[in-house]
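No lab work stands behind these numbers, since they all come straight from the coordinates. Note that this is a predicted model, so its numbers are computed, not measured. Here the Cβ positions follow ideal geometry from the backbone for every residue, glycine too, while neighbour counts run over all protein chains shown.
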Amino acid sequence: MAVRRVARFHHQSREPGQPSRLRAGLIKTLLRLLDLVAVSVAILLVLAPFAWKMRRRQQIFDSWSQVRMNDVSRLETDWMTLPRVPGFSRGDEPALEAFLRDQPLVHAVQDRASGALWLRQGDRLVPAGPQPEAATIRNWFAQAQQAQCFIWYPMDRLPDEERAGPKIVLLGDRWLVAKRWREGSPEVERTLRILFGAAPSFRVMLVKDGDERRKDMTPQPWGEEPNIQADPARMHGEAPFTAQMLSNEFPGWSLDAIPNRAEAQAIRRSLRITFFLAALAAAAVGFSLVLALYLRARARRKAALDSDRMAAMTHSLKTPLAILKFRCDTLRLGRHDPDHLDAQLIQIGEEADRLSGIIENALTAIQGERPRGPQEPVTPQWLIDVGEDLAPAFEAEDRRLVVIASEHLGMAALPSLRAALFTLVENALFHGTGTVTLESLRVRKRLLLRVSDQGSELGALDLKALGRPFMRIREGGQEGFRKEGQGLGLSLLVKVVEQEGWGLVFASEPGLGLCATLEIPSAPAAP
């Protein structure tokens, strides 16, 4: 015995053409992950320009502050360096005047051998007298010599000081030198110009510990440009950032550098350009992401819409096929006289033509927009013929269809209008009760085609659901739907109505059920 197995039997756990549960689950999980990634990327794109701007700002600050700290260290070195004092006897020698011009911060000089104390007045030295300031400075020098330190930092305040600034005593072999930093003084400004030139790209301030956190300080006149020295109130208001140097050479104080106005504007301009470029790049990436998600969602909606339209097309064929089957069964069972066979066959052919028209219109709707069909007169006889074509379906359901056609004419694409009326009458037949009425009447320049039944009243929410795909009306207070179906016939009707430019109104009231009104143009009056 010869045996040939063409295919092996196996149980099918799923419908043919459907993905397995594992694959469907993986696809669903992957799509959720893609959505999560898209949301995360969107958040990062919003934050990216700000992060990039902060990073660029930090880079500019690091490079700028490194150079400024090297510059400020020169001031620190000059402050703690003992200058070489030339010999003098009167205090107004030219060499001494040149020395004092180069050392604006020198405030007092004492001869270690004789103990003579000289105080500064302008660019010369004068012998100290019994004034309180002289006694304070003598006390500084005495403490410095007693401590045997080359550098001594007095902390007490001079009599004429409103706010005690930094002071330093430097010990040499012959001379003891006292330096004094008075905020906003011409001596400080001269020192800064000697060290950094007449117009440096930065400004210097001496900040007392704790002043950087104070908010009650006001800008001082001596801190305004073109002065090189700035006051602490301008630390945060004028500068994009501040380079701060904590120094042991200024106990209780710190040396800070800020960009001058021109350099601050250049830095801010660079940061704005950086932010703009980063925002532009983020916007470009975000736009691409949104476009990709939109195209993906549009493709999914188009696929679902095409599926809905195909289902709607098959749904709209139910009534014509039922009528065609009814006529065929009538012929097969011999219920008509032989004299009427030819007439019945002609009607069957017309029904087949209508089915072809319905399929063609539905396929055109699936493929996209199409030009409106040729406009032909809608006559009372045409409406009566539509009612006769639908009569077999009502006979099968033991229901009654009444056609009331006025003498007024309309203009429409007859195949599309026939399909629309078939859908409305079929909806009244299968979802309504009692007698179904198809009537026409003219209102101004419109011909109204009204289909009504004697079903139960529909609420506002039910009327709002009509015409949406897969929207069906539930039984009041019950599970399930009133009739079987997918709610696609009316959705296809809405698309045809919008494409042809007609009007469509749904209404309902007690005792009349649902009343659907098609509005088409009326025919122009005959000349």
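So, by mean Cβ neighbours within 10 angstrom, what's the order for 411-423, 120-132 with the highest one leading?
Details: 411-423: 21.8, 120-132: 13.2.
In descending order of packing, they fall as 411-423, 120-132.
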With the Cα gyration tensor of segment 44-95 giving a ≥ b ≥ c as the square roots of its eigenvalues, does the rule (a/c under 1.5 for rounded; else a/b larger than b/c for prolate; else oblate) give rounded, prolate or oblate? prolate
Per the rule of 0.36 nm per residue minus the C-alpha distance, extending PHE50 to GLN265 adds in nm 75.5 nm
Among GLU426, GLU519, GLU162, rank each residue by its count of other Cβ atoms within 10 Å, from fewest to most, as a rough exposure measure. GLU162, GLU519, GLU426
Cβ-based exposure ranking for ILE151, ILE27, ILE168, ILE60, in which fewest neighbours within 10 Å come first: ILE27, ILE151, ILE60, ILE168
Ranking LEU512, LEU36 by Cβ neighbours within 10 Å, fewest first, what do you get? LEU36, LEU512
Could you let me know the centre-to-centre spacing of segment 169-200 and segment 386-400, using Cα atoms, in angstrom? 114 Å
For segment 78-87, Karplus-derived ³J(HN,Hα) couplings (6.51, -1.76, 1.60; θ = phi - 60°; whole Hz; x for glycine and proline) come out as 5, 5, 9, 8, 6, x, 8, 7, x, x
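Excluding GLN229 itself, calculate the net charge of residues whose Cβ lies under 13 Å from the Cβ of GLN229, where each Lys or Arg counts +1 and each Asp or Glu counts -1. Spell out each step's value before the answer.
Details: positive: ARG182, ARG190, ARG193, ARG203, ARG234; negative: GLU183, GLU187, GLU189, GLU224, GLU225, ASP231, ASP256.
Summing Lys and Arg as +1 and Asp and Glu as -1 gives -2.
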Between ARG124 and ASP71, with labels modelled 7 Å along Cα→Cβ, what's the label distance in nm to one decimal, could you check? 3.7 nm
Of the listed links LYS302/LYS464; LYS302/LYS325; LYS167/LYS215; LYS179/LYS215; LYS53/LYS208, those spanning more than 28 angstrom between alpha carbons are LYS302/LYS325; LYS179/LYS215; LYS53/LYS208
FRET efficiency, 1/(1 + (r/R0)^6) with R0 45 Å, evaluated for GLN59 and ASP173 via beta carbons: 0.40
Net charge near ASN139, counting Lys/Arg +1 and Asp/Glu -1 over other residues with Cβ under 13 Å of its Cβ? +1
Taking every other residue with Cβ under 13 Å from the Cβ of ARG90 and scoring Lys and Arg +1, Asp and Glu -1, one gets -2
